[in-house]
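Working notes for the structure below.
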Amino acid sequence: MSLRTRLALIFIAATLVPLGPTIWLTTNLFEHSLGPVNQLASVSRALEKTGRQYYQQASERLKEDAEAGRIAPKVYSGAYLPDAVREFRDSNEYERFTLTGDGGSQIRYLVRGVGGDSDAVGVWEQPLGIRMDDLSREYHDARGTVTLDLRRGYFLTWGLLVALIWLVALAIVWIVATRFSRPIANLTEALRALAGGNFRVRVPNDRTDEIGLATQAFNRTATELEQSRDRLVYLTQLASWQVLARKMAHEVKNSLTPIRLTVEEMVARESAPDTREAASGRRAFLEQAASIVVDEIESLERRIRAFSEFSSEPPVCPEPLDIAAIVEERIAFLKTAHPEVGYLVEAAANTPSALADQDLVKGILVNLLENAAEAAGEGGRILAKVAPIDGRVAIEVHDSGPGLSDLARKSLFQPTISFKKRGMGLGLSIARKSALLSGGDILPIAGELGGAGFRVILPTGASHADDHEFGAEHAIAAYPGR
């Protein structure tokens, strides 16, 4: 839940909780203030009831007087009749009471069939003593005032006013909460991006309050982290190149030392007395010195070639490969160089084709088989196995040599100083780089012949697309300084 929503909910809770007591208090106050109005309503209802009773009693008294003959009627018949009498005669009513006179001050009693004439109408009149029209008007005026639903109108007006004020306050709280929460949300997103490794993220800031100070602190921290990261990357790359430079210097020194000593010996022998025996010795020595110099120059060329291969980025051309056949071919090729080593190949029948670069795979196999042959030594054995593992193709190379030391395991795939007689320290690094570029990898495993063991994982056609992309990215990450 966002901070803005929480602030809005806090406002709603803070305003709705006291609303109940407020409504109760205002209702009681309103009821108390309506006391005179309620009395007026009672008076108007009593006045209406009294007027009706008085009119009814006057009507009954007039009817009794008429029937008793105490009041003489006016009899109307013929064609010429007052409008009120004609309207009564045409209505087919037997009797009727109406108000007449000034303001309804008299009551009139009309009866049909007076004196035995069915068309004759008798009219009796008697004063009321009050003006009924004035009484009715006063009653209606009071009733009109009282019949206004003051309570409903009050509560409707009060409710609308409270709702309007509450909504306006809620809108203000929402706007203020948005103003405060948006920078915090932006700062949170920036922190998430910074934690994900994006050191270039910055938060726009035009505030001078606490949030603005926090944003300034974040931007300053992000800038410092970016600078520190850049310095660290530079120093890491520099350290990598320094390691390679020290290795290259060490390897070149190893070759230049015998060359220098040989040349110094040649100069020393040149100053010796020129006799037949000395000349014969110098000739033999020169032949030996030339051989030493040539060997060391070839060693330097191998070192330079190895560093060149390590720094190069070979093109990757994946194709379906019969890994078992390639292993057989590489072993047959290397047997002549190591006739003292025994080779054994085990290939599973259900091994699928690998989708990889043939030259890279051959280079990986040559490196692993050469290392295994040197480790096994005379009379040693090498076991090569090809089998499917988890939807991929695995190549395993085991030797009967002494195995890997703890020191060698720590820097197994790093371009370090080699402990072998003719080693460059780059073979396994180059081999793993080739495996990564092919979408696979190389990892050490427990040797089955008592020595070292390595497993090469290569993708098949079904998994190559994703694996190759991952392998290339992995290779770039593994060798950032190339």
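The values are calculated or read from the model by the stated rules, or taken from the named source; none is laboratory data. Keep in mind that what you see is a predicted model, and the values were worked out from it rather than measured. For neighbour counting, all protein chains shown are included, and Cβ atoms are generated from backbone atoms with ideal geometry for every residue, glycine included.
Considered as a group, the residues in segment 101-132 that are polar (S, T, N, Q) and not in a loop (DSSP other than H, G, I, E, B) include one that is nearest to ALA66 (Cα to Cα), and that residue is GLN126. Annotation note: Cβ proximity below 6 Å between a residue of segment 196-213 that is touching a residue at least 24 places away in the same chain (Cβ under 8 Å) and a residue that is outside any loop (DSSP other than H, G, I, E, B) (sequence gap 6+ or interchain) occurs for PHE199/LEU225; PHE199/GLU226; PHE199/ARG229; ILE211/PRO183.
Selection of segment 99-113 for residues being β-branched (Val, Ile, Thr) and surrounded by fewer than 19 Cβ atoms within 10 Å (Cβ to Cβ) yields only THR100. No other residue among ILE430, ILE442, ILE457, ILE417 is closer than 28 Å to PRO388 by Cα, among the β-branched types (Val, Ile, Thr) and modelled with pLDDT under 90 apart from ILE430. Counting only strands (runs of 3 or more DSSP E) wholly contained in segment 333-413, the ones carrying 3 or more residues that are surrounded by 17 or more Cβ atoms within 10 Å (Cβ to Cβ) occupy 354-357, 381-389, 392-399. Among the residues examined, ARG112 qualifies as over 30 Å from GLU48 (Cα atoms), touching a helix residue (DSSP H, G or I) at 6+ places or on another chain (Cβ under 9 Å), modelled with pLDDT of 80 or more and in the same structural domain as GLN57 (by TED's automatic domain parsing). Output the number of the condition that PRO402 fails; it satisfies all remaining conditions of (1) farther than 22 Å from THR351 by Cβ; (2) at pLDDT 90 or above; (3) out of contact with any helix residue (DSSP H, G or I) (no Cβ under 8 Å at 6 or more places or on another chain); (4) of a type outside the set (Gly, Ala, Ser). Only one criterion is unmet by PRO402, namely (3). Within segment 313-330, the set of residues being modelled with pLDDT of 90 or more and aliphatic (A, V, I, L, M) comprises LEU321, ILE323, ALA324, ALA325, ILE326, VAL327.
Rundown of residues vs (1) at pLDDT 90 or above; (2) farther than 30 Å from LEU300 by Cα; (3) outside the structural domain of SER240 (by TED's automatic domain parsing), yes/no style:
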site	(1), (2), (3)
PRO352	yes, yes, yes
LEU369	yes, no, yes
GLY379	yes, yes, yes
LEU383	yes, yes, yes
VAL397	yes, no, yes
SER411	no, no, yes
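Looking only at segment 173-216, residues that are of a type in the set (Gly, Ala, Ser) and outside any helix (DSSP H, G or I) come to 2 in all.
This table checks each residue for (1) outside any helix (DSSP H, G or I); (2) over 60 Å from the mean Cα position of the chain (by Cα); (3) exposed (fewer than 15 other Cβ atoms within 10 Å of the Cβ).
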residue	(1), (2), (3)
THR50	no, yes, yes
SER59	no, yes, no
ALA66	no, yes, no
ALA72	yes, yes, yes
GLU93	yes, yes, yes
PHE97	yes, yes, no
